[in-house]
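Quick note: the coordinates plus some simple rules give every number you see, no bench work behind them. Predicted model only: the values in this text are computed from it and were never measured. Don't worry about glycine lacking a Cβ; one is built from the backbone with ideal geometry, like all the others, and counts go over all protein chains shown.
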Amino acid sequence: MEKKATRIGLNLLALLLVFCMGFGFLSASTVKAEGLKETSEIQNTFNKEDEQIKISTPEDLKALREYVKSGKIMQGQSALLMKDIDLNGFDLGEYNSATAWTLSFDGQGHTITGFSETEYGLFGSHFTAGKDKSGSLVDTVIKNLHLNINVDIPNAAYMDGRKNFFYGAFANNSNSNGGYSIENCVVSGSIDLKVPEGEEPYFYCGTFLGDLGNGAMKPAMKNCMSMVEMTIDNKGSYEEWEEAPELAGLAIHRSGRAYAVNCLSLSKITVTEGSDRCHVYGTSSNAQESYYNSDLVKATEDVAGANTGAKTTAELKTAKTYAGWDTKVWSIEEGQYPALAQFAGTSQDFTALKALIAKAKEIKNDDGKYTPVSFQTLQDAIANAEKALTAEPVLKDTEYIQTAALQSAMDSLVLFSEWKTAVETLEQALKNAETVSDTIVYTSSSQKAFDQALESARKMSADKNKASIKEITDAAGLLSEAQKNLTENADTTKYYSVKDKAIRDTNRDYVYTSDSWEKYYPVYMVYNSLIPKDTPKEEQKKLDDAAENLAEAYTWLVKNADFTAMRAAIVDAGMQDEEDYTAATWEAQKKALDAANQFDQKNTPVDDQEKVDGATTALETATVKLVLKTDWETLQTALKNAAALEAQEEAYTTNSWTAFKTALDTAKGIEETNTTTQAVADAAKALTGAQAALAKKADSTALNSAIAEADKLKEADYTSASWSAFAETLANAKAVDQNNATQAAVDAAREGLELAQSKLIEKTSFAGLNEAIQAAEALKEADYTRDSWKAADVAAALAEAKAIEQDPENTPQADVDAAVQKLADAVEQLVKKGDPKALDEAVKSAEALKAEDYTASTWAALQAALAEANALDRGNADQAAVNTQTEKLVAAMDALVKAADKAALAEACALAEAKDSDKYTQVTYESLQTALADARAVLDNGDAVQQEVDKALEGLNKALAGLIKIEKAEAEGYQVTAEIPDNAELSITKQDEQKTEAAQKNIRKDYEDAELLALFDINLGDYQLGKGESVKITIALKEAAWGYDSYKVYHEKEDGSIEYLDAVYDAEGHTLTFTVSSFSDFGVVGFKNASADNPDENSGSNGNSAGQNSSQNGSGTAQGSSTGAGVSTGIAADSPSAVLAAAALLAAAGLAAFLVYRRRTTK
């Protein structure tokens, strides 16, 4: 509102200006004052302690850049631009590539004009993420800013001292982690690049950024616009195509995932005739829904992404090109270029600018009064200003920008005579500089100052045509002063001759004794504190004395003994715990440790190294000889246990006793203070093991008993071979020395004898064999099934049994028993034939039935059983097989099921399959598909019974009846979507004014701040909802209804009562969703500055409480605007045109208040 009022005031002032100029009332100085925004009374507002740092002046902006460059900004800080800023002729100071910009900056719709820095953008070298108050990383956001630039880079080969570089008006590039975004910003003006002959710089230049960066996959630029004339004169030479310079209408994108979205480039990129190769991108190779003017930019055809977003002028002036763009952010009108709404201007007459152009054109240079370059700069400014009069699109600050640039060019005109004098002074200073001797060594500081001044003066001389008188005069003065201050340096020969004696470390590792180092170090510090190459000749003695003193101090240094091994031994000893070791060994180690600690490790001369090593060895040995209490106690326990067995030697075998005695003697010989804990543990283990291995003498009772039993057997009862083995084993058992043998040997002899006895073979009996042969010979083949007789092969078994030689001595009993068993097995395999009479009768009955009378599966089962019965080989089947087939066939006949009628089910399936999924809710349509799948399965099931068919038909009909379709309707810009029964029809009609006003009155009784945004009659035609039925309705609010704090749905029932329905508000989609069980009038109610859950105390006049059925709908807050209170005019009381401007502003404020009132009362 303040800016609008200011613009009205400016227009009135411009009209007054034209009137006064016509009568000669105003001077040229008045043109300047009226054409530019008044800044003389604007105060600096920068305060680095503010959470939101306010920027109002060029000085504030410079201070902000210095603050960010320091790298010491506070967490959670950001910056706000409070005023438009003109940088024409202002020095912002240098930036650097080391410090990233991490401070979010909100331009608040203001403009910064006249930016001309050539090494870094307005926000320095690069962006990266900042930190909030808690220290968490947050994106650095630059938004709501119009930056007007005039950048001339005369040698793009060496930006920031590199042969490859990035440049953009906002920043050169971004950090690799991204962490930034540029939103709702404009850059306009010009960038001129030149690459001299012979150079081949590899650089990237975009209007906003040299490189988008490769951070996270998210928009780095959004809703941004460029209007820059970029020109490159590339006289460089490039051997490789890919190394050519790259230019972009928005930003170069080298790699990564960051991208630009909803951005527009109306920039013009010109590669001058005769230039070497360049890569030109219209927008950026990683841009989405972003466009550039292909009539102004010829993108490189063979570079991927160069022509992303190419549109002709006609296409860019077509509104549908920007479908999906936010119309609250962009001003989009058919036949015109779009512009960011915050910066868009209206048709302007540019009265003040035209007046200033006329004034500028009056300035002539026919007599050479001004330098050619400064006069040409003025002509260029005039041309740019005239071009701006018809440029598209019109921005609100176009006049301000062009007026500032033109006024700056007028103010910067350089008088040739004064300029010539300044140049002569500079050339004389350069000539004088040539007299400086190159044989004299000067102090480094004075030489450096002279070299820098000389370099600056030479550059100034080369560019003198473009320089101001002050710049030339300052360069000459600095050079003369620097030459005057050149100071001859002292002779550094003696100083550097002792440099090898300047020990730079801090004796941290005590290479030298502490006493000698403490004497040496102060002398060294004096020597080291001097800067020999920056010491005047008058201070020669100071250098020489420091050198001589250092040489003498070096002789004082004494090497310290090496304590590396001792320190390790002490650490190792210190890691031990007294509680773990025996008192004697711990005392010995403690004594050795105390002796080691007697040495001063910082101050023991190397001559005492032998003593140090001896103490170290003693400590290492004492530590190794520490004996763990647990090991020593284990050894003592083992000795105590062994002592109880020393008198029992006769009870054990000689060998086991000898091993035990050896281990016992070793354990007794261990000395506590002259051993290791490992030796103690090994002795204890050996003694315990030897004791456990003691073997007692054997008990021969069982062996003697076995021998006595064996002696009772008679050789005549057994075969010769088995008796021979038995007799040998018996002899061995009797030969065992029972007095000296171990129990194991005695037990082995017994076990061998018992085994040999078990292997004795008695002579053979043939009685059983002969009986089996006689029984087999009595069998008849005709009594048994063919297969069993063949498989049993009784004849073969009988022949084999008869072939057995009946020799009792040599024929094994096992062979005889095996023949008997084989003959018995053969007989057992024989199977008696069965009687098939009952089976044949069942087959006859089954063959008389008809297939069409029964279900497919039961009929198929019958046919299978019938085929199996007919296939039975009756001459080869036993009675069980015959009975089984008979039972299966009878069971199949009993299981036959009559077929079902499916006609009605087929008709219902056809009806369900004709339904379109797009018309119905997912839930009800999926329910239908489930029921249809079940019905189709029954329909296709040949075994389905009538009950299953009827059940499937019932389920399918129920699903058809339960279909809920989705219908949409529209009324007065409101889109209504309802989920209704399939046979219902949605109808929505906007109610007339009378009903709407009546409803508004009812609502106001319940809610004083409520606005009835729309009232509709919503119904389902002739369809009546049944008991328990309800309908879900979603209303998409039109844009005019957005922005309220919360919403409710007003429902006037058929009986005249009123209720407020629960509704869920989707802030992103601007929709209200609710459920109803009856229909009539429904209204959308919006609330501002009041809670929808707190109706007025006088509510309920319609018969029900307004709050009974209401609920918080969860809507987001809307952005409201003031009704005019506190409007600032922005003009001081003593302004030259305060009266006219104040009158215009008061009229504008009154109109604004009326419009706000009208809007509130007509919603």
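If the cut-off is 28 Å between C-alpha atoms, which lysines fall inside it for Lys431, apart from same-chain ones fewer than 8 positions away? Straight-line reach from Lys431, under 28 Å: Lys369, Lys420, Lys448, Lys459, Lys464, Lys466, Lys470, Lys484, Lys533, Lys537. Under 5 Å from the amide H of Gln288 lie the amide H atoms of Ala260, Val261, Asn262, each residue being 5 or more positions distant or on a separate chain, with H modelled from the backbone and absent for Pro and chain starts. In terms of overall dimensions, the C-alpha atoms belonging to segment 416-484 reach 40, 17, 17 Å along their principal axes, ordered largest to smallest.
The packing ranking, built from the mean of other Cβ atoms within 10 Å per residue, places the peptides 278-287, 191-200 in the order 278-287, 191-200, highest first.
Along segment 1032-1039 the Karplus relation, 6.51 cos²θ - 1.76 cosθ + 1.60 evaluated at θ = phi - 60°, assigns HN-Hα couplings of 8, 10, 10, 10, 8, 5, 6, 4 Hz to successive residues, with x for each Gly and Pro.
In sequence order, segment 446-453 has phi-based couplings of 6, 5, 5, 4, 5, 4, 5, 5 Hz under the Karplus curve 6.51 cos²θ - 1.76 cosθ + 1.60, θ = phi - 60°, and Gly or Pro positions carry x. What do you get for the angle between helix 540-556 and the principal long axis of the chain? Use alpha-carbon atoms, 0 to 90 degrees, nearest ten. With both axes taken from Cα atoms, the answer is about 20 degrees. Can you tell me the orientation of helix 398-411 relative to the chain, as the angle in degrees between its alpha-carbon axis and the longest Cα principal axis, to the nearest 10? Taking the Cα atoms of the chain, the angle to 398-411 is about 50 degrees. The Cα trace of segment 109-318 gives Rg and Dmax of 16.1, 56 Å, the first to one decimal, the second as a whole number. The H on the amide N of Ser104, modeled in the peptide plane, is under 5 Å from the matching H of Ala79, Val141, each at least 5 residues off or on a different chain.
With each label modelled as a point 7 angstrom along the Cα→C-beta vector, the Asp544-Asp367 pair spans 6.7 nm. Taking a ≥ b ≥ c as the square roots of the eigenvalues of the Cα gyration tensor, an a/c ratio of 1.5 or more together with a/b no larger than b/c marks segment 43-184 as oblate. Within segment 701-758, all pairs of alpha-carbon atoms sorted by distance into 10 Å bins from zero give the percentages 24, 54, 19, 3.
Ranked by the mean number of other Cβ atoms within 10 Å of their residues, highest first, the peptides 574-585, 420-431 fall in the order 420-431, 574-585.
Using the alpha carbons alone, the radius of gyration of segment 629-692 stands to its Kirkwood radius in an Rg to Rh ratio of 0.99. Normalised Debye scattering of the chain at q = 0.05 Å⁻¹ gives log10 I(q)/I(0) of -0.81, counting only Cα atoms as equal scatterers and leaving out solvent.
Amide H contacts of Phe166 (H built 1.01 Å from N, in plane; Pro and chain starts excluded): Tyr204 sit under 5 Å, all sequence-distant by 5 or more or on other chains. Taking Cα centroids, how far is segment 673-752 from segment 334-412 in Å? Cα centres, segment 673-752 to segment 334-412: 124 Å.
Taken over the C-alpha atoms, segment 892-1005 has Rg and Dmax values of 22.8, 82 angstrom.
Principal axis extents of the Cα atoms in segment 351-411, from largest to smallest and rounded to whole angstrom, are 39, 19, 17. In terms of distances greater than 24 angstrom between alpha carbons, the cross-link table entries Lys218/Lys1038; Lys1005/Lys1048; Lys968/Lys1005; Lys559/Lys590 yield Lys218/Lys1038; Lys968/Lys1005; Lys559/Lys590.
On full extension, the segment bounded by Val436 and Asp918 gains 164.3 nm, given 0.36 nm per residue less the C-alpha separation. Our compactness index for segment 767-829, the C-alpha radius of gyration over the empirical 2.2 N^0.38 Å, is 1.16. Packing order of peptides 80-92, 526-538, highest average first: 80-92, 526-538 (average count of other Cβ atoms within 10 Å over each peptide's residues). Each part reduced to its alpha carbon centroid, segment 987-1003 and segment 881-945 end up 54 Å apart. Note on segment 965-1087: Cα-only Rg and Dmax are 13.7, 41 Å. Note on Thr487 and Gln379: with the Förster distance fixed at 30 Å, the Cβ-Cβ geometry gives a FRET efficiency of about 0.05.
Within a straight-line Cα-Cα reach of under 22 Å, Lys965 can be paired with the following lysines, leaving aside sequence neighbours fewer than 8 residues apart in one chain: Lys915, Lys919, Lys1027, Lys1032. Derived value for segment 903-962: Kirkwood hydrodynamic radius 11.5 Å. Basis is the mean of 1/r over every pair of different alpha-carbon atoms.
Rounded to the nearest Hz, the phi-derived 3J(HN,Hα) couplings of segment 950-959 under the Karplus curve 6.51 cos²θ - 1.76 cosθ + 1.60 (θ = phi - 60°) are 5, 5, 5, 5, 4, x, 5, 4, 5, 5, where x marks glycine and proline. Among the trypsin sites (Lys or Arg not before Pro) within segment 618-713, those in coil by DSSP and having at most 13 neighbouring Cβ atoms inside 10 Å are Lys712. Angle of helix 903-913 to the longest C-alpha principal axis of the chain, folded into 0 to 90 degrees and rounded to 10: 40°.
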